[in-house]
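Visitor: Here it is: the structure, laid out below.
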Amino acid sequence: MVELLVVIAIIGILAGMLLPVLAKAKGSAQRSLCLSNLRQWALAQTMYVDDNNQSFPSTKVANGTPGAPQDYSEDQPRWLDLTDVEYANNSQGTSYGRSAWFNSLPPYIGSKPLWKYALSTTGPAEFNAGNNIFHCPTAMGRPVDKSLNIGTRAIFQYGMNSKGMWEQNGTVQVENLRSSSVAKPSAFVMFSDNRVRSDEAPYFGTDASKANTLGSPQNYTSRFSSRHNEGGDIAFSDGHVALFKYAYVAVPFNGKPSDPGRIDIHWSHDGTSVDGLSPK
């Protein structure tokens, strides 16, 4: 009996030692898969630009897109909104919203565009199952924020840089960004991990409207995620992907996570800080 208790105790000690190691290994594997997903998005973007006169895809299906209802939000697209846009396309022979990254890029990497999920009765459930390029394995390991309804809204765990069109410290916006205007492709942000939980920490925002803009198709420092051990993944215009600590990517400024103007992370195409901060 004593021997059995000793064996059980030893097993318990070994399990206590192994569980943290296994958890760390699992986290590392999930981060690797996330990096792989973002690398594929970057590859798709490169091929798209080559096929479209060196122009980048759109970050969203914009407000006012034909077919979208009056209460449509470009930051919070509902499945039915995307369906309505596609019905307008089918009836008019147009392609409204098809230039958005989540519609235009997936075919380049053998994946299904979001509009096809929207048109299928089982599409949202299939999308939410997570077996696709749209999902980060780490984010899938935790439920999305309770304020988000995955049955009615398309929740984006990755987002495209929404500030890429800006230049001169966020004071000027260009209409159609081309690759020739990018100052440093190896530093220009294309895609990154997106916040899908309001309780995620660290987070440098105090403005509730910014903190609660979760799962949007377009991203910036105000929506950058820290889910990978207080850091997040970024895919750049030249195709490479890297993990950065949250506190390196964003700084607190005017109540929101802002662009510190890092020389190796450009949210604007000309490399100036979108928030007008001095380069670091």
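Visitor: Could you look through segment 37-60, keep only residues that are within 13 Å of residue 160 (Cα to Cα) and touching a Ser or Thr at 6+ places or on another chain (Cβ under 6 Å), and pick out the one that is surrounded by the most Cβ atoms within 10 Å (Cβ to Cβ)?
Guide: If we take residues in segment 37-60 being within 13 Å of residue 160 (Cα to Cα) and touching a Ser or Thr at 6+ places or on another chain (Cβ under 6 Å), then 59 is surrounded by the most Cβ atoms within 10 Å (Cβ to Cβ).
Visitor: Something else: Out of 205, 151, which single residue is surrounded by fewer than 17 Cβ atoms within 10 Å (Cβ to Cβ) and in contact with a helix residue (DSSP H, G or I) (Cβ under 7 Å, 6 or more places away or on another chain)?
Guide: After ruling out the rest, the residue left standing is 151.
Visitor: Take the residues of segment 171-210 that are outside any loop (DSSP other than H, G, I, E, B) and of a type in the set (D, E, K, R): which is modelled with the highest pLDDT?
Guide: Checking each candidate, the answer is 193.
Visitor: So which residues in segment 112-133 are in contact (Cβ under 8 Å) with a residue 40 or more places away in the chain and either part of a loop (DSSP other than H, G, I, E, B) or of a type in the set (Lys, Arg) (or both), if there are any at all?
Guide: 133, the sole residue that qualifies.
Visitor: Quick test for you: out of 139, 118, 125, 100, pick the one residue that is of a type in the set (A, V, I, L, M, F, W, C), exposed (fewer than 14 other Cβ atoms within 10 Å of the Cβ) and at negative phi.
Guide: 125
Visitor: Output the number of the condition that residue 215 fails; it satisfies all remaining conditions of (1) on the phi < 0 side of the Ramachandran plot; (2) crowded, with 20+ Cβ neighbours inside 10 Å.
Guide: (1)
Visitor: For segment 211-280, which fully contained strands (runs of 3 or more DSSP E) count at least 3 residues that are closer than 28 Å to residue 115 by Cα and touching a residue at least 24 places away in the same chain (Cβ under 8 Å)?
Guide: 231-236
Visitor: Let me ask something additional. Can you tell me which residue within segment 187-210, out of those that are among the small types (Gly, Ala, Ser) and in contact (Cβ under 8 Å) with a residue 12 or more places away in the chain, is farthest from residue 100 (Cα to Cα)?
Guide: Here the answer is 201.
Visitor: Looking at segment 48-69, can you tell me whether even one residue there is out of contact with any Leu (no Cβ under 8 Å at 6 or more places or on another chain), assigned to a loop (DSSP other than H, G, I, E, B), basic (Lys, Arg) and not assigned by TED's automatic domain parsing to the domain that holds residue 232?
Guide: yes
Visitor: With the condition kept exactly as written, say whether any residue in segment 79-97 is of a type in the set (Gly, Ala, Ser), outside any loop (DSSP other than H, G, I, E, B), in contact with a Phe, Trp or Tyr (Cβ under 9 Å, 6 or more places away or on another chain) and within 19 Å of residue 161 (Cα to Cα).
Guide: No: segment 79-97 contains no residue that is of a type in the set (Gly, Ala, Ser), outside any loop (DSSP other than H, G, I, E, B), in contact with a Phe, Trp or Tyr (Cβ under 9 Å, 6 or more places away or on another chain) and within 19 Å of residue 161 (Cα to Cα).
Visitor: Now a separate question. Could you go through segment 197-204 and let me know if any residue there is small (Gly, Ala, Ser), farther than 18 Å from residue 275 by Cβ and under 16 Å from the mean Cα position of the chain (by Cα).
Guide: There is at least one residue in segment 197-204 that is small (Gly, Ala, Ser), farther than 18 Å from residue 275 by Cβ and under 16 Å from the mean Cα position of the chain (by Cα).
Visitor: Of the residues that make up segment 171-190, is at least one under 14 Å from the mean Cα position of the chain (by Cα) and crowded, with 17+ Cβ neighbours inside 10 Å?
Guide: Taking every residue of segment 171-190 in turn, at least one turns out to be under 14 Å from the mean Cα position of the chain (by Cα) and crowded, with 17+ Cβ neighbours inside 10 Å.
Visitor: Looking only at segment 153-170, which residues are within 11 Å of the chain's Cα centre (by Cα), in a strand (DSSP E or B) and of a type in the set (Phe, Trp, Tyr)?
Guide: The one that is within 11 Å of the chain's Cα centre (by Cα), in a strand (DSSP E or B) and of a type in the set (Phe, Trp, Tyr): 158.
The values are calculated or read from the model by the stated rules, or taken from the named source; none is laboratory data. Predicted model, so just to flag it, every value in this text is computed and none were measured. Note that we place each Cβ from the backbone using ideal geometry, even for glycine, and neighbour counts take in every protein chain shown.
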